[in-house]
Amino acid sequence: MVLTVQITAEFQGSAQERAESGERFYLPLLQYGFGAETSERRIVMSGDEDGGSGDDGGDFGTGVVTKTRTKAKRPSMYRVLILNDDYTPMEFVVHVLERFFNKGRDEATQIMLHVHHHGVGECGIFTYEVAETKVTQVMDFARRHQHPLQCVMEKK
């Protein structure tokens with residue numbers, strides 16, 4: 001979340017003279033709540049610490065406080081899928097699911113049977129980078145063990 005606070009102040013007459021003389025001006029920013037994504041509040045500043053009218057004849061400075069919030073967008077999610085083939089042993093598919101997708105033996109077996117009966121099975125849902133890495137790892141592992149297992153990803 002990014003937070004930007006912009007303060008613009010203008011002083012006239014004796015208030016300017018007070019500022020130049022080193023007198024303190026207090027700007028209690030924390031007491032102003034903001035409900036919308038971007039809000040503006042006009043505030044009044046004077047040379048008096050108590051915020052009273054003082055004896056400056058009504059010479060007050062004004063300021064604008066702008067608060068901007070930027071929300072981070074949630075990343076797109078991708079499904080990692082294993083495709084059925086007639087050559088990869090079922091036990092190898094279970095091993096892949098356990099090793100690369102942290103599935104337990106029972107869950108891995110259920111996914112493997114779903115792949116066997118329906119032609120495709122979902123291994124997990126991940127961000128793009130994680131899904132891409134898992135697909136690459138599974139494909140490399142299958143090639144090293146000389147199996148034609150296919151693993152793909154698709155946007156959810």
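Suppose the filter is open to solvent by less than 80 Å² (accessible area, probe 1.4 Å) and of a type outside the set (V, I, T); does K103 pass it? Considered against the rule, which asks whether it is open to solvent by less than 80 Å² (accessible area, probe 1.4 Å) and of a type outside the set (V, I, T), K103 comes out as yes. Can we say M112 is surrounded by fewer than 17 Cβ atoms within 10 Å (Cβ to Cβ) and of a type in the set (A, V, I, L, M, F, W, C)? In short, no. Listed by position, the strands (runs of 3 or more DSSP E) contained in the stretch 53-156 that have at least 2 residues being in contact with a Ser or Thr (Cβ under 8 Å, 6 or more places away or on another chain) are 61-70, 77-83.
Here's a check for you: in the stretch 78-97, which residue that is within 21 Å of Y128 (Cα to Cα) and open to solvent by 20 Å² or more (accessible area, probe 1.4 Å) is nearest to the chain's Cα centre (by Cα)?
First, the residues of the stretch 78-97 that are within 21 Å of Y128 (Cα to Cα): 78-83, 96-97.
Pick out the ones that are also open to solvent by 20 Å² or more (accessible area, probe 1.4 Å) and you get 78-79, 83.
Values: Y78: 17, R79: 20, L83: 32 Å.
Of everything passing the filter in the stretch 78-97, Y78 is nearest to the chain's Cα centre (by Cα).
Under the condition of being open to solvent by 70 Å² or more (accessible area, probe 1.4 Å) and under 11 Å from V80 (Cα atoms), the residues counted in the stretch 115-132 number 3.
The values are calculated or read from the model by the stated rules, or taken from the named source; none is laboratory data. Being a predicted model, the structure only gives us computed values, none of them experimental. Cβ atoms come from the backbone with ideal geometry, glycine included; neighbour counts cover every protein chain shown. Quick note on the areas: whole protein, heavy atoms, side chains included, nothing else; ligands and nucleic acids left out. Shrake-Rupley method; radii C 1.70, N 1.55, O 1.52, S 1.80 Å.
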